[in-house]
1. Taking a point 7 angstrom from the Cα of Phe84 along the C-beta vector, which residues in the stretch 311-353 have backbone N less than 12 Å away?
2. Quick one: if you stick a label point 7 Å off each Cα along the C-beta vector at Thr373 and Gln65, how many nm between them?
3. Taking the stretch 168-277, which GluC sites (Glu not before Pro) meet the DSSP loop condition and have no more than 11 other C-beta atoms within 10 Å?
4. If each of Glu380 and Arg324 carries a label point 7 Å out from its Cα toward its Cβ, how far apart are those two points in nm?
5. What does the extension gain come out to for Lys189 and Gln232, with contour length at 0.36 nm per residue minus their alpha carbon separation?
6. Suppose all protein chains stay in the model; what accessible area per residue would a 1.4 Å probe give for the stretch 64-164, in Å²?
7. Considering only C-alpha atoms, what is the centroid distance from the stretch 325-362 to the stretch 242-315, in Å?
8. Let me cross-check Phe112: its accessible surface, 1.4 Å probe, with only protein heavy atoms counted, in Å² to the nearest 10?
Amino acid sequence: MDRRNFLHAATTTAATFTGLAASPLARAQAPGLSAALTERGSVLATRGPMTDRALPRNAAAAPGQRYRPAFRFGLGGTQIGNIFAALSDAQAQAVLQAAWDAGVRHFDTSPFYGYGLSEYRLGHFLRGKHPDDYVVSTKVGRMLQASRGPLPNAALWVQPAPMAYRYDFTAAGARRSVEDSLQRLGLPKIDIVYIHDLSPDNSELPGTWRDHFAVAAGTGGAMGELARMRDQGMIGGWGFGINTPDAAVLAAESDVPTPDVVLLACQYSILDHEVALSRTFPALQRKGISVVVGTPLNDGFLGGRNRYHFSDQIPAGAADKRARLAVVADRHGIDIRTAALQFAAAPVVVSAIIPGARAPGQVQANVASMRVTIPASFWESLRREGLISRQAPVPA
């Protein structure tokens, strides 16, 4: 099957699983073929080392280096936690199976995603698979507790597990949260633990994010406890899972326990990357901290969705920049999603990217995009037209 037909089939599958009619509009919106690919049937060469099922691994860390996840391409777990729309258990398992069959071995989840639902579903899928064959990351900072009343964030999580939560960035809270996640997952290990949403954009936090950072960084805080759990071999590495860089940069520049890896969501994409390149990445690289990029497609915006970073409020200029990117992409026979995924994975500091998917076709199309060779002339055009920073790394 050539690339055009594969992506067409993947798109049709995605529309079927999300309940969309298989109309031209539905196919155009998910996952977002360029007009050049649709009309001309352009088939781009694939990279030799990436043509089998296995996606690329990171090189093994040398002695003394900080932990880096073994697998460079992963699957974000918000969708199987029923973000914005419900998936059945069968649909969630189909997404995970499609990811596994395509070579994905890095899976991110959180107690917050569906209030345990994402962890339950991921653990069910991975049960019986060898623990050395995959990487799992989850998060701490929110402690779940059973609830019979109305659940929080009703607009965000659809049909979640019947749980509420409270924030806890202490050492005891972090260890208890990891233990609870192990039980929900039903797995023998967690590779990476991120301190979740310790960030200025989290308006739910009582007090300021700096107040909670002080708790996490101090004696009896989550940061020191996660470092101990890493040193004891209970986890592979730890860091922050955040939508702004503040906590990660502060940790890198302060005399506090140093994270190993940081999950940066909503912060590095082909549409928005200048701050990360000029400020965030250099601060992390100086301490040997690697980055996992979340939402490399700007929460589906680069696939045609009218939502940007979990909001229907589209930033000024974003739609225009997407349209200009599409023009250049069509000229070179590329689709925007392919360019965006490979762009996000290009910096040396980036150890993995973890786009989400709510249908098998979406994850299959994302994997296919990582196996495409993009001509250097495409990146040169983007730089010349001011669509990406001249300092931005691009795929070799």
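The values are calculated or read from the model by the stated rules, or taken from the named source; none is laboratory data. Please read all numbers here as calculations on a predicted model, not as lab measurements. Please note: Cβ atoms are built from the backbone with ideal geometry, for glycine as well, and neighbour counts cover all protein chains shown. The protein model used for the area step is the full one, side chains on, heavy atoms only, and it has no ligands, DNA or RNA in it. Shrake-Rupley method; radii C 1.70, N 1.55, O 1.52, S 1.80 Å.
1. 311-314
2. 2.6 nm
3. Listed in order of number, the matching sites are Glu204.
4. Distance between the two pseudo-spin positions: 2.0 nm.
5. Numbers: separation 43, 0.36 × 43 = 15.48 nm, distance 1.27 nm.
Extra length available between Lys189 and Gln232 comes to 14.2 nm.
6. Working: 3780 Å² over 101 residues.
In whole numbers, the stretch 64-164 has 37 Å² accessible per residue.
7. The distance from the Cα centre of the stretch 325-362 to that of the stretch 242-315 comes to 16 Å.
8. Near enough 20 Å² of accessible area.
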